[in-house]
């Protein structure tokens, strides 16, 4: 089975909104054996939407559409679908009741324009959207499935996970798939490919290795399609074990979790705590750590000491160190960590100071230079790493590196 994903919205075409929906949908469908044939992005123009649907239906068994289901005049997806399928319009009472409840809870008046979101084509199956006001719509037409979903990511993800995928599994004969994941940090995709070249060259046709990179980490997914017996799974497991042996220095998890979650599990299992002193990351490490429920068990907190004066007053960094070696130095982050461990009373800590950019770089310390100190009161190690010319890439890469240093320290 294959699928074409259509994303709708002028904001996607001009770069005002980055399309993360189609990438996420692609991963979710691929995991259940549905191949993505094409991704199409169109504006809020009926003729473009119709052309995209025609193209998608001609080449795919399944069409997933996101966007254009809001209450404003530029949200024309539902109207276009109704015209396209020569459908009438009916009021979906459960959706209207949900919309009323949402507005009552927020203490806001319900406008007529909001009530129109409960109107749906009379030939669709409504997918109840418990996370928002616009329902999903499922169309069965000539053996093809067309699904229209809201573009709001958390609403779309809820509907895909809880409504669309279960229905697809029921309706289509999907292949049995066996996945094994290795999540790696501190190494790039090309380096991994070189290390695993021998394994890739010897993979049987029934097993595929996918590289899924993100900034600072790479997920390796080994997949066997159409498995019918234990021998096939044993074959994949043997390949997986060899991959894990080769990549053991970089593997932080064997399931699909974030690095911050993996670090949290390690600290919780060992009954230890950590804290963070941040400069160039501006609290981003603390944000990642506290995004995990229950992080208060092992996380003492983050001190964002951006200026020289804050580094001195809160962490006790020596004025002489800042004047002679600068804030972006291993001497500075070592003193930051000393102060952090004293103030927080954490078992472990990491300190970060760098030049995120785009300004502030020098010949000796160009943009992307970041210093780290990690360890405990008994042992501290320092590092200097050169990252990127882009500010947000530097911040994210620095945060991932800090978490990885904590992971390595605790193990």
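For segment 72-97, a tally of residues being within 17 Å of residue 126 (Cα to Cα) and within 29 Å of the chain's Cα centre (by Cα) returns 2.
Selection within segment 6-22: residues that are over 13 Å from the mean Cα position of the chain (by Cα) and touching a residue at least 60 places away in the same chain (Cβ under 8 Å). The member of this set that is surrounded by the most Cβ atoms within 10 Å (Cβ to Cβ) is 8.
Considering only residues in segment 206-229 that are more than 13 Å from the chain's Cα centre (by Cα) and modelled with pLDDT under 85, the one that is nearest to residue 20 (Cα to Cα) turns out to be 225. Taking segment 247-344 as the region of interest, the strands (runs of 3 or more DSSP E) fully inside it that hold 1 or more residues being without any contact (Cβ under 8 Å) to a residue 60 or more places away in the chain and touching a helix residue (DSSP H, G or I) at 6+ places or on another chain (Cβ under 9 Å) are 299-304.
Scanning segment 142-167 for residues that are at pLDDT 95 or above and under 19 Å from residue 58 (Cα atoms), we see that the one that is surrounded by the fewest Cβ atoms within 10 Å (Cβ to Cβ) is 144.
Restricting attention to segment 113-132, does a residue exist that is modelled with pLDDT under 90, assigned by TED's automatic domain parsing to the domain that holds residue 56 and exposed (fewer than 13 other Cβ atoms within 10 Å of the Cβ)? Yes, there is a match, as at least one residue in segment 113-132 is modelled with pLDDT under 90, assigned by TED's automatic domain parsing to the domain that holds residue 56 and exposed (fewer than 13 other Cβ atoms within 10 Å of the Cβ). In this structure, residue 356 qualifies as out of contact with any strand residue (DSSP E or B) (no Cβ under 6 Å at 6 or more places or on another chain) and in contact (Cβ under 8 Å) with a residue 40 or more places away in the chain.
The residues of segment 34-89 that are without any contact (Cβ under 8 Å) to a residue 40 or more places away in the chain, under 25 Å from residue 1 (Cα atoms) and not in a helix (DSSP H, G or I), listed by number, are 35, 36, 37, 38, 39, 40, 41, 42. If you check 51, 105, 35 for being in the same structural domain as residue 143 (by TED's automatic domain parsing) and in contact with a helix residue (DSSP H, G or I) (Cβ under 9 Å, 6 or more places away or on another chain), only one passes: 35.
Select from segment 197-223 the residues that are in a loop (DSSP other than H, G, I, E, B) and in contact with a strand residue (DSSP E or B) (Cβ under 7 Å, 6 or more places away or on another chain) and list them in ascending order. Walk me through how you get there before you give the answer.
The initial filter retains those residues of segment 197-223 that are in a loop (DSSP other than H, G, I, E, B), namely 202-206, 215-216.
The answer is 203, 206, 216.
For segment 182-196, a tally of residues being without any contact (Cβ under 8 Å) to a residue 60 or more places away in the chain and either in the same structural domain as residue 401 (by TED's automatic domain parsing) or touching a strand residue (DSSP E or B) at 6+ places or on another chain (Cβ under 8 Å) (or both) returns 5. Within segment 144-161, being assigned to a loop (DSSP other than H, G, I, E, B) and without any contact (Cβ under 8 Å) to a residue 60 or more places away in the chain holds for one residue alone: 152.
The values are calculated or read from the model by the stated rules, or taken from the named source; none is laboratory data. Quick caveat, the model's predicted, so the values are computed rather than measured. Glycine gets a Cβ as well: all are built from the backbone with ideal geometry, and neighbour counts include every protein chain shown.
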